[in-house]
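Colleague: Below: one structure in structure tokens.
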């Protein structure tokens, strides 16, 4: 009974964060803002769902190592991929809240 409550909570928590990450990806205005949706909220959501799967299958028998390895891989690769996408956006000088140019200022001048 306790494992079922923990698994249910983790799945609902993860689904809520995946939904928030998806909405952030769809609704935020600029590339640099949209980058945070999937890399922050969705990573936490998918991690929570993977943790729920690990708890469920570990309660049924032996320790579930596959989900833990996927979780570690996800938490290691998501920030690195977000950093590389942000650097590519800066390199391409995408409009929006570009950290190199300040608030929507493409030529670098501060009027």
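Just so it is clear, none of the values below were taken in a lab; they were calculated from the coordinates. Since the structure is predicted, the reported quantities are computational estimates derived from the model, not experimental observations.
Colleague: Going by alpha carbons, how many degrees (0 to 90, nearest 10) lie between the helix axis of 43-60 and the longest principal axis of the chain?
Modeller: The helix 43-60 is inclined about 10 degrees to the chain.
Colleague: Specify the angular offset, from 0 to 90 degrees and rounded to the nearest 10, of the alpha carbon long axis of helix 65-91 from the longest principal axis of the alpha carbons in the chain.
Modeller: 0
Colleague: I need the Kirkwood Rh of the chain: take the reciprocal of the average 1/r across all distinct C-alpha pairs and report it in angstrom.
Modeller: 15.9
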